[in-house]
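Asker: Take a look at this one; I'll ask things after.
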Amino acid sequence: MKIYKFIIYSIILIILIGGPIYAVGRLVLPAWVKSQIAANLPKGSSLVIGEMSSNSDLSINYDNLNYKSASGLLNLNLSKIVIRPQLSLKEPLEIKVGTANFETDQLSGKFSKVNSKIAINFKDLSETTLTGQAEKLDAHQFAALSNINFFLKGFNTKNSTIEFSAEKFKIFSNTPMGQIITYGENAIFNASLNNDLYTIFKSQEIEFDISSFSNDQSETVIKGNDLFLDLSLVKNENWFAPFVLKLKNISSKGEVISEDLMVNAEGRWRNTMKSCTWRYMLIDNQNCGKLTDIVKVNLEMIKDDSILNFSGEGICVTPKAGCLQKINSKIRTRKTADVFSRIMASGTINPIFAGVIFGSLLSSPKTGDPNYDHEVIFEVKGSIIVLNGKPLIN
């Protein structure tokens, strides 16, 4: 049986890296091929494949691919896809996508002109669903099956990596304060898929539209460049997500807010069951509990000699956390007046709230830290806000 499997795998590799297919045309896959593809999907999920055609270089064109999770909370649609085998066992597939649309409960977006490569751990091929019925396929049908199988293996096997670049993207994020619309250009994404998930995302140009945060419906767009985001999903008893975000030359309404921004923080889940993997977490599986806490927060904005530093932790601060919100934090500044004049002129923060924080900082005693002039202790418990031990609203 092992010898037979070896022969089947050898045929796959010969097709992927061997001679060209000269018959170019529309593909019709038999029912059993579709069942082989379905076997690589998470239980209860669905994959709909549109019209396909083969090319002379062994690449396969897919008019569209639509994936829907079992819960219905993740929907992914790819259009104008080309999956091309490469002369590389490390990265056997190159994928080009015209547009990629995704939608979850709190997040949706669109990427355009996507180029991607998948590196697969070939040790996991022993679990392939290919069977002895392969001889019923002609060459381009078998190539289509192999391409899709390898594509799915890239997401389902351990120790695989994925990288993609996109010319433009647009992401909608729902937060308790309102919707954030993010626009970006020249994005690069790398992910390492193992028991844990490690990702890096970069974008040369970035814009955050936070107009929905304002009651007067004025347009507020924050611009920046050289975005760097390092985000992981790591499991201990529960899942946690450490991340680092860096952004340069931040401005709004022509006002430079900061030359450098760096944020470190960690998201934490509660009530995670052992059966939860990061793949199921991304589709909001009920066994994965809830992301409720944002801890180890350290945000620093620097421009010239002025600094704004925010540090602390937030318990039950995420949407639908279902528990009492608690925030314990510290705000420290150097050249306080310069910092807040820029922030208030940019229109990125409620001027009344900014004025209260500004006044509290100026009236606070000098800090013992030579890097900062003022500091204020900011605490929230439910709807009660406390500054330096005094309720904001009596």
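The values are calculated or read from the model by the stated rules, or taken from the named source; none is laboratory data. None of the values given here were measured: they were computed from a predicted structure. With ideal geometry, Cβ positions are generated from the backbone for all residues, glycine too; neighbour counts draw on all protein chains shown.
Asker: Consider GLY322 carefully, then state whether it is surrounded by fewer than 17 Cβ atoms within 10 Å (Cβ to Cβ), among the small types (Gly, Ala, Ser) and within 20 Å of THR175 (Cα to Cα). Quick ask: steps written out before the conclusion?
Answerer: Values: surrounded by fewer than 17 Cβ atoms within 10 Å (Cβ to Cβ): yes; among the small types (Gly, Ala, Ser): yes; within 20 Å of THR175 (Cα to Cα): yes.
Here the answer is yes, as GLY322 does meet what is asked.
Asker: Of all residues in the range 323-355, which are in contact with a strand residue (DSSP E or B) (Cβ under 7 Å, 6 or more places away or on another chain) and more than 22 Å from LYS296 (Cβ to Cβ)?
Answerer: Those that are in contact with a strand residue (DSSP E or B) (Cβ under 7 Å, 6 or more places away or on another chain) and more than 22 Å from LYS296 (Cβ to Cβ): ARG334, LYS335, THR336, ASP338, VAL339, ARG342, ILE343, ALA345, SER346, GLY347, THR348.
Asker: Quick check on my filter: what residues within the range 317-341 are basic (Lys, Arg) and more than 17 Å from ASP373 (Cα to Cα)?
Answerer: Start the filter on the range 317-341 by keeping residues that are basic (Lys, Arg), which leaves 320, 326, 330, 332, 334-335.
Across the range 317-341, the qualifying residues are LYS320, LYS326.
Asker: Could you list all residues from the range 225-284 that are within 24 Å of ILE349 (Cα to Cα) and of a type in the set (Val, Ile, Thr)?
Answerer: Across the range 225-284, the qualifying residues are VAL244, ILE250, VAL256, ILE257, VAL263.
Asker: Specify which of the listed residues (LEU27, LEU78) is at pLDDT 65 or above and not acidic (Asp, Glu).
Answerer: On the way: LEU27 fails: at pLDDT 65 or above.
Exactly one of LEU27, LEU78 is at pLDDT 65 or above and not acidic (Asp, Glu), namely LEU78.
Asker: Would it be correct to say that ILE294 is within 23 Å of the chain's Cα centre (by Cα) and surrounded by 19 or more Cβ atoms within 10 Å (Cβ to Cβ)?
Answerer: Numbers: within 23 Å of the chain's Cα centre (by Cα): yes; surrounded by 19 or more Cβ atoms within 10 Å (Cβ to Cβ): yes.
Here the answer is yes, as ILE294 does meet what is asked.
Asker: Another question, if that's okay. Mind checking which strands (runs of 3 or more DSSP E) fall wholly inside the range 316-394 and carry at least 3 residues that are more than 30 Å from LEU107 (Cα to Cα) and either at pLDDT 80 or above or over 31 Å from the mean Cα position of the chain (by Cα) (or both)? First the steps, then the outcome.
Answerer: Numbers: elements: 326-334, 374-381, 384-387.
Of the strands (runs of 3 or more DSSP E) lying wholly inside the range 316-394, those with at least 3 residues that are more than 30 Å from LEU107 (Cα to Cα) and either at pLDDT 80 or above or over 31 Å from the mean Cα position of the chain (by Cα) (or both) span 326-334, 374-381.
Asker: Name every residue in the range 231-241 that is of a type outside the set (S, T, N, Q) and either surrounded by fewer than 16 Cβ atoms within 10 Å (Cβ to Cβ) or outside any strand (DSSP E or B) (or both), in order of residue number.
Answerer: Filtering the range 231-241 for residues of a type outside the set (S, T, N, Q) gives 231, 233-235, 237, 239-241.
Passing the criteria: VAL234, GLU237.
Asker: Check ILE294 against each of (1) under 30 Å from LYS235 (Cα atoms); (2) assigned to a loop (DSSP other than H, G, I, E, B); (3) hydrophobic (A, V, I, L, M, F, W, C) and name the one condition it does not meet.
Answerer: With respect to (1) under 30 Å from LYS235 (Cα atoms); (2) assigned to a loop (DSSP other than H, G, I, E, B); (3) hydrophobic (A, V, I, L, M, F, W, C), ILE294 is out only on (2).
Asker: Here is a further query. Tally the residues that are crowded, with 19+ Cβ neighbours inside 10 Å and either closer than 16 Å to GLY98 by Cβ or among the aliphatic types (A, V, I, L, M) (or both), restricting the search to the range 50-68.
Answerer: 7
Asker: Then there's this: If a residue has to be at pLDDT 90 or above and buried (at least 19 other Cβ atoms within 10 Å of the Cβ) to count, how many in the range 242-256 make the cut?
Answerer: Number of matching residues: 2.
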